[in-house]
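The values are calculated or read from the model by the stated rules, or taken from the named source; none is laboratory data. If you're wondering where the values come from, they're calculated on a predicted model, not measured in any experiment. With ideal geometry, Cβ positions are generated from the backbone for all residues, glycine too; neighbour counts draw on all protein chains shown.
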Amino acid sequence: MGDQRVFWKLELEIEEMSLMDIIIVSYNSTDYLLRCLRSIYDTLHGTPVRVFIQDNDSRDGIDRVRNEFPEVMLLKNAYNLGFSRAVNNALKQGNSPYIVLTNPDTILIDGFFEPILCYMEEHPHVGIVGPKILNHDGSVQGSARTFPTPLTGLFGRSSLLTRYLPNNPFTRENILTTQSDGRTPMEVDWVSGACLVARRKAVETVGLMDERFFMYWEDADWCRRMWDKGWKVVYFPRASVVHYVGGSSDKALSRSIFEFHKSSYRLFEKYSKPHYWFLKPLAIAGLSLRLCFVLISNGMRVWYDRQIAIRPKEKAVYFEKARRIKVLRLIARLNIGGPAIHVNLLTKGLDSKRFKPMLIAGKISPTEGDMSYLFDSMDTKPVIFSELQRDISVKMDLMAFLRIFNKLREEKPDIVHTHTAKAGSSARLAVLMYNLFYGKQVKTVHTFHGHVFEGYFSKEASLIFVWIERLLAMLTDVIIAISDTQRKDLTEKFHIAPGKKIKTIELGFELAPFLKNGFLKGQFRGKFGISDDTLLIGIVGRLVPIKNHRMFFQAARLFINQNPALKVKFMVVGDGELRRELEAYCRQLRLIRHVIFCGWIRDVHLVYADLDILALTSLNEGTPVSIIEAMASSVPVIATDAGGVLDLLGASDGIPSSDGFRVCERGILCRKDDALGFMKGLKYLVDLDAVSKSRLLLQARSYVKERFSEERLIRDMESLYLDLMANRR
């Protein structure tokens, strides 16, 4: 991927001008608008933009915008021009390469701009991109749709039939967000104008918005014209906004309803074929009946809200409490690694107004590093079940099952989410019995952080574990894979469950310590007395067989033999059951002068600040945390092709792999258990020219920043939980 596709380079190339024109049309929604503007500026992180506010004669103190945001270009129209005309006025004033339209009643979630702009730079034929739009309760709005048909009036996003029969085939065919996996961009007919990003070149080709649409359906018309001119329209769920539906239109509800139906007919008339003229009276009659029905039903709703004993404010509080979802999370142990970090983020990060989390963890073995310190600053501490442990024991496993069952009776959770195989088996069986005995509908979710189907046990034992997981999958509502490769393994290689039951939700991390660790450079080297001119090659992880440290040391010996004049140290960060055995193996290979066993280092971002290369030699992996941390820290990565490693490193750049390694978009990929190929890959990285290395590091850093943020993980998981509860009810 060339430099021109990287967001930061794009910023540098246009530093003398604005990257985006952000356009907001406001009408008596200044309170919402101020909150929207705050979210925009909090999300920009210095990106050059111009913000245009077109105010359609508001009477709620619109001048407050100038007081708080003097840099915003506010134009107060003498009367209500309508949405399309107001947008066009702002479009004519700007000249930035990208245009962001967003409603005043939206809040942009941090990380909104960067992934969308990177995507549009990489896909020059995309004219409009629509982000994932969330309701205020976290559920996903049907913002990506097919072009309307006569059935749309009956099975639209907010129609009565859709509300009562949400999974009917007509609605699913119309509302394309129901077909999204929540991560992958998908081409759609049109996206909602509540928030979209357009390419100015596309707008210049297609033309401005059709001002005959006073409000509503102008977005569908614009997208249709995009397709007609050869531009693509894409739903992009990696960027999100929250939309408080009706924040503006509720101010004039009857006018909004009338304009909606009027624009519906205008869209029908504009695109219906001339020889279908006889359908026009039917369309007018149908829309008129629908208009009457909607006006009456909304009038009754307004009356109800005003007359009922529960006042609107009290009613909102009531439903807020009712929506709080109790999530019971279980993990076998909080040993050092990705799963412990993952459950910590989910325990502390879920919205406390909507979720009530609880974590149960098992006992850590003496040879493992402990990450329970992550919970020291939290009010909610994990509950430790000592019976829940790594080793297989019929007695202890039965006791763990009984304790989990009793906890279900005590807590009455809505969702049980399990992590790691041992916790997953005990808890899912306990939920099965609890639901049967008490007639409950507790939903179950299980995350595969990796799997034990390869590299851990004999073929016979591995097959037994595969069958156990297949049976447990039948008791599970949703199975989460943490990478696309892992999902493919679970569905196609091991046949654990059908694809429709397995959802990919990648890990999330607090990346800031790694993205900003440059000022820490020298501290790790200083601790071990290593000079600045010494090449540091590190491996981070548990000292257990599956990590295959022996191959790392074999490659180190070959590398030293090939480069005797090079000052190099091989740093082993981590500990575990094989420590003494591996130290003896290093002595056998005469590597003692070149290898340092560091043990566990809590502030691991200090390590990455000084590493020159990160190595990973595993036989099996889920999504390796060390690779993500290294990429965020701008450390080059070389790794074996295990589990989700390929997803992290990206596609090959076409360089032949005859030397035993492949150059990928974001790192070097090697075969498992091939020390010679690994050594050659190390040599390639050491000799790589500065420009190529900078490109590699920039692409890796941009990738992890977009894909593995804590905020993205929380959004995805909250959306999953809300969907589960909606289906249950």
* Kindly provide the set of residues from the stretch 35-60 that are touching a Pro at 6+ places or on another chain (Cβ under 9 Å), free of Cβ contacts under 8 Å to residues at least 40 places away in the same chain and not in a strand (DSSP E or B), ordered by number. => 37
* Go through the stretch 596-612 residue by residue and tally those that are small (Gly, Ala, Ser) and either surrounded by 15 or more Cβ atoms within 10 Å (Cβ to Cβ) or part of a helix (DSSP H, G or I) (or both). => 1
* To do: Pick out the one residue from 400, 423 that is assigned by TED's automatic domain parsing to the domain that holds residue 502, crowded, with 21+ Cβ neighbours inside 10 Å and without any contact (Cβ under 8 Å) to a residue 60 or more places away in the chain.
  => 400
* **Hits in the stretch 556-595 (condition: part of a strand (DSSP E or B) and either among the hydrophobic types (A, V, I, L, M, F, W, C) or farther than 17 Å from residue 536 by Cβ (or both))** => 568, 570, 571, 572, 573, 595
* Asked: Name the residues in the stretch 647-695 that are modelled with pLDDT under 90 and under 22 Å from residue 489 (Cα atoms), would you?
  -> 647, 650, 651, 652
* Looking at residue 706, is it at pLDDT 85 or above, surrounded by fewer than 23 Cβ atoms within 10 Å (Cβ to Cβ) and within 29 Å of residue 110 (Cα to Cα)? -> no
* Mind counting the residues in the stretch 61-75 that are surrounded by 19 or more Cβ atoms within 10 Å (Cβ to Cβ) and in a helix (DSSP H, G or I)? => 1
* Among the numbered criteria (1) surrounded by fewer than 22 Cβ atoms within 10 Å (Cβ to Cβ); (2) at pLDDT 90 or above, which single criterion is violated by residue 78? -> (2)
* Structure fact -> Counting only residues that are part of a loop (DSSP other than H, G, I, E, B) and either more than 25 Å from residue 207 (Cα to Cα) or not small (Gly, Ala, Ser) (or both), the stretch 100-151 contains a total of 23
* In the stretch 427-442, residue surrounded by the fewest Cβ atoms within 10 Å (Cβ to Cβ) [restricted to those that are in contact (Cβ under 8 Å) with a residue 40 or more places away in the chain and farther than 18 Å from residue 387 by Cβ] -> 441
* Asked: Do the conditions hold for residue 595, that is, is it hydrophobic (A, V, I, L, M, F, W, C), within 35 Å of the chain's Cα centre (by Cα) and either within 30 Å of residue 450 (Cβ to Cβ) or not assigned by TED's automatic domain parsing to the domain that holds residue 111 (or both)?
  -> no
* Somewhere in the stretch 23-30, is a residue in contact (Cβ under 8 Å) with a residue 24 or more places away in the chain, among the small types (Gly, Ala, Ser), at positive phi and in the same structural domain as residue 204 (by TED's automatic domain parsing)? -> no
* Extreme residue, farthest from residue 519 (Cα to Cα), among residues of the stretch 624-640 that are buried (at least 24 other Cβ atoms within 10 Å of the Cβ) and polar (S, T, N, Q) -> 640
* In the stretch 511-526, how many residues are closer than 30 Å to residue 446 by Cβ and loosely packed, with under 15 Cβ neighbours inside 10 Å? -> 1
* Among the residues of the stretch 541-565, which ones are of a type in the set (A, V, I, L, M) and either touching a helix residue (DSSP H, G or I) at 6+ places or on another chain (Cβ under 6 Å) or modelled with pLDDT under 95 (or both)? -> 543, 544, 546, 551, 555, 558, 565
